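Take a look at the structure below.
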Amino acid sequence: MPDPRTPRGPAPSVDRTPAAVGDARHVVIVGAGFGGLACAQELAGSPVRVTVIDRRNHHLFQPLLYQVATAALSPADIASPVRSILSRARNIDVVMGEVRAIDHARRRLLLADGGHVPFGTLVLATGSAYNYFGHDEWARHAPGLKSIRDARRLRAGLLRSFEEAESYACPGRRSALLTTVIVGGGPTGVEMAGAVAELARFTLRRDFRRIDSHEARIILVEAGPRLLASFSEETSDYAAARLRGLGVEVRLGAKVTDVSEGAVMIDGQQIAAANLIWAAGIRALEPASLGFEVDGAGRIEVAEDLSVPGLAGVFALGDAASFCQADRPLPALAQVARQQGTHLGQALLAGTTRPFHYVSRGDTAVIGRHAAVFETGRWHLRGRVAWLLWALVHIYLLVGGEKRLQVGLKWLWRYVTFERGARLIDEEEVTRRGPGHSTGDGETPGSKSGR
């Protein structure tokens, strides 16, 4: 018998592919966000064997995540299990795991649990995280919004601040509790600012006795000269005016120079704020750590067919890919990732590659009740019509008829009653953060394709 005291070598790596691939082509997709899921759905029911890997078990509709953070929707309204979405496709398997490395020589992915998944074709759709521009320590005090956990933390922070402000007599402390600073004037920042303003304006007025809703202070900080930089100047001006009408302080050309617990430094001025929210830019999540050469935003530069130059059978899409069209990189939008995923899935199914061309379906952002912007080509819509189009587009893009019906009915009820039904403070989040703390621990988001 072997001596039990003899040191043992590392356990052999286990093939985590759920089903035997055999002679079939095997496509492995890393990330079940918009791009990865679209690619998998194009390959559903085909002779191609597909394995989808994600560190989480659900697909998340990130464009509506801010509504979870502001108590308008529940997490289950915008998230669906990946296995459920792909359950009818017998040729697709799902692995819940985290990719730690790629063995290109042996063509296999090495997982964090010690297992591996071999691949014939590899598709990277690993999504993005927020970019703190060299100050990653700020993430602890000013969390971004990329996961359900992020949204729950922000929701707990906002609601906890209201609860504490109700019982604080000290004006200075109450002012800090009712101050929210949002960094970043893109669509996410604008939508978050409008939603927080409406939450404070209506919820505080109806549900609290000692707080005047006008005490709530929401500050939106943008380093550039205008909000919604990818939209027209007229649209940017409209968004700023509507936000100011909701009571939001819009600070343009302002820079955040420091972030600490309960405070932010803006152009040399320190502002005490219980809730700090980061929405100021993104970076690709995984490619650099997996050994790929990346650009300044952490993205892999891909060829016109979405392939990674120099690596046969390896592709990247969505927020993980730097793809230029008309000499400009495509933005990190859900519709870009979906179109790339659909295109690549069709190409892999046909066994050929062809150039990808992005066709914009329009850019949209909601500001508040009856206020939204929608631009496509020469059409620039603002106000009620844009608000209705925004709602219809987002309901359509949700995965599954049940989700569409749930969200549509909740929005209708909220429109009629001004109620927000998910105003729950998670006890675990309150315990983790402590009284008056509104920050998370800078959790790194999973493999999701972002907005």
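The values are calculated or read from the model by the stated rules, or taken from the named source; none is laboratory data. Note that the coordinates shown come from a computational prediction; the quantities given were computed from them, not determined experimentally. A quick note on method: Cβ atoms are made from the backbone with ideal geometry, for glycine too, and the neighbour counts reach across all protein chains shown. With ligands, DNA and RNA removed, areas are computed over all heavy atoms of the protein, side chains included. Shrake-Rupley method; radii C 1.70, N 1.55, O 1.52, S 1.80 Å.
Treating r as the C-beta distance of residue 113 and residue 137 and R0 as 30 Å, the FRET efficiency rounds to 0.55.
Within the chain, DSSP assigns beta bridges of which about 50% are antiparallel (rounded to the nearest 5).
About the Cα centre of the chain, how large is the charge dipole given +1 on each Lys and Arg Cβ and -1 on each Asp and Glu Cβ? Please answer in debye to the nearest 20. All intermediate terms of the calculation are to be shown ahead of the outcome.
Values: 54 positive and 47 negative charges, 215 e Å.
It works out to roughly 1040 debye.
Report the relative contact order of the chain, percent, no decimals, based on alpha-carbon pairs under 8 angstrom and at least 6 residues apart. Can you show the working numbers first?
Values: 981 pairs, mean separation 105.8, N = 451.
After rounding, I find 23 percent.
Only one residue of 19, 392, 189 has its Cα farthest out toward the positive end of the dipole of the chain, where Lys and Arg carry +1 and Asp and Glu -1 on Cβ, and that residue is 392.
Comparing 161, 372, 415 along the charge dipole axis of the chain, the residue lying farthest to the positive side is 415, per the Cβ-charge model.
Charges at C-beta only: +1 for Lys and Arg, -1 for Asp and Glu. How large is the resulting dipole of region 211-276 about its Cα centre, in Debye rounded to 20?
Details: 6 positive and 10 negative charges, 16 e Å.
Roughly 80 debye, rounded to the nearest 20.
Remark: the Cα gyration tensor places region 26-154 in the oblate category, a/c being 1.5 or greater and a/b not exceeding b/c.
Run the helix sum for the chain: -39,500 (n - 2.57) per DSSP H stretch of 4+ residues, divided by residue count, reported at 222 nm to the nearest 500 deg cm²/dmol. Kindly include the intermediate steps, with their values, before the conclusion.
Working: 13 runs with 134 residues, N = 451.
Dividing the helical sum by the residues of the chain leaves -9000 deg cm²/dmol.
Between residue 206 and residue 173, the modelled label-to-label distance comes to 3.0 nm, taking each label 7 Å out from Cα in the direction of the beta carbon.
What the chain shows is 45 Å² of accessible area per residue, with the surface traced by a 1.4 Å probe over protein heavy atoms.
Hey, with R₀ at 41 Å, roughly what FRET efficiency would residue 395 and residue 288 work out to, going by the Cβ-Cβ distance, to 0.05? Intermediate results must be reported in sequence, preceding the final value.
Numbers: r = 36 Å, r/R0 = 0.88.
About 0.70, to the nearest 0.05.
Reducing region 10-39 and region 222-293 to their Cα centroids gives an inter-centroid distance of 38 Å.
State the extension gain, in nm to one decimal, for the chain segment bounded by residue 357 and residue 376, taking 0.36 nm per residue of separation less the distance between their alpha-carbons.
On the way: separation 19, 0.36 × 19 = 6.84 nm, distance 1.65 nm.
Difference between extended and current length: 5.2 nm.
Taking the Cα atoms of the chain, the ratio Rg/Rh between the radius of gyration and the Kirkwood radius comes to 1.00.
Of the accessible area of the chain, with the probe set at 1.4 angstrom, what percent is carbon plus sulfur? Provide the component values of the computation, followed by the final result.
Working: 10730 of 20320 Å².
Carbon and sulfur together cover 53 percent of it.
Each listed q (0.12, 0.20, 0.23 Å⁻¹) maps to a log10 I(q)/I(0) for region 86-165 from the Debye sum over equal C-alpha point scatterers, namely -0.63, -1.03, -1.12. What nm value, rounded to one decimal, do you get for the distance between residue 249 and residue 23 when each label is placed 7 Å out toward the C-beta? Using points 7 Å along Cα→Cβ, the separation is 7.1 nm. Spatially, region 146-197 and region 316-394 are offset by 29 Å when compared through their Cα centroids.
For residue 325 and residue 385, FRET efficiency with R0 = 30 Å and r from the beta-carbon atoms, rounded to 0.05?
Values: r = 29 Å, r/R0 = 0.96.
E between residue 385 and residue 325, to the nearest 0.05, is 0.55.
Within a straight-line Cα-Cα reach of under 18 Å, residue 255 can be paired with the following aspartates and glutamates, leaving aside sequence neighbours fewer than 8 residues apart in one chain: 136, 137, 222, 267.
Mind putting a number on the dipole of region 158-313 about its Cα centre? Charges go on the C-beta only, +1 for Lys and Arg and -1 for Asp and Glu, and I need it in Debye to the nearest 20. Mind dumping the intermediate values first?
Values: 16 positive and 22 negative charges, 187 e Å.
With Lys and Arg at +1 and Asp and Glu at -1, about 900 debye.
Remark: the residue 237-residue 312 segment gains 22.3 nm on full extension, using 0.36 nm per residue and subtracting the alpha carbon distance. Put simply, when 396-408, 55-67 are sorted by average Cβ atoms within 10 angstrom per residue, most first, you get 55-67, 396-408. Between residue 270 and residue 214, the simple spin-label model (points 7 angstrom out along Cα→Cβ) gives 3.0 nm. A full extension of the chain between residue 103 and residue 346 corresponds to an added length of 84.9 nm, given 0.36 nm per residue minus the alpha carbon distance.
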